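Down below is the structure, laid out as structure tokens.
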């Protein structure tokens, strides 16, 4: 049910009518809060310095590949945001860095989203807390939360409409492995193999989630006027696990045929 609500919330994405954007400028930073204006109000997120401190603490508390994954998601978000004039690159980086911060509390499945939300919410960083909730699609299985937490999630997604940062981090979460960037297809299939399709109520539900993330990809590509893969270094190498030298050798052989 929760997964269906998340997918439905993302369907407002419009893939038409966007023009190519210019690189965006970052807002000022006041105190311990990064003040990015969106829709006439200031986003409540930590400064880059503080966000890095949170992640460093998380690494000490629960070391694992989620740290490198978070950093790569941040890099992808920043890279895309530089060509979208509705987004701030530094804000995008901070939100990407913190989307999995709930994993600082230990191994979990869906619960890391609520743990991250509560952690940042208590510190007054409401919009960074929001990203902890909105970044994931896989909530129809591996449910490791209490009845009260389940009710909270239902209420949260009943009242949320995704903004551009929500969509951006959803996309960058899927684009980013701990080892680097990859094609969406690789990450989605790897997740299905690793977790099993049993995490989805129906195969149809799984394909709906996949369609949603590809629609988000198209949404941003129409806005920036190019493929997102051209902004992410090492996509080919990391997806197919081949080196730059191997690619050069192949291209050399092909040109001689």
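Taken over region 104-113, the residue count meeting the criterion of being assigned to a helix (DSSP H, G or I) and surrounded by fewer than 23 Cβ atoms within 10 Å (Cβ to Cβ) is 3. Restricting attention to region 141-150, does a residue exist that is more than 16 Å from the chain's Cα centre (by Cα), at positive phi, surrounded by fewer than 21 Cβ atoms within 10 Å (Cβ to Cβ) and modelled with pLDDT under 90? Checking region 141-150: at least one residue is more than 16 Å from the chain's Cα centre (by Cα), at positive phi, surrounded by fewer than 21 Cβ atoms within 10 Å (Cβ to Cβ) and modelled with pLDDT under 90. Within region 71-95, the set of residues being assigned to a helix (DSSP H, G or I) and modelled with pLDDT under 95 is empty. Flag: residue 167 matches the condition of being surrounded by 13 or more Cβ atoms within 10 Å (Cβ to Cβ), modelled with pLDDT of 90 or more and either out of contact with any strand residue (DSSP E or B) (no Cβ under 8 Å at 6 or more places or on another chain) or in a helix (DSSP H, G or I) (or both).
The values are calculated or read from the model by the stated rules, or taken from the named source; none is laboratory data. Note that the coordinates shown come from a computational prediction; the quantities given were computed from them, not determined experimentally. For neighbour counting, all protein chains shown are included, and Cβ atoms are generated from backbone atoms with ideal geometry for every residue, glycine included.
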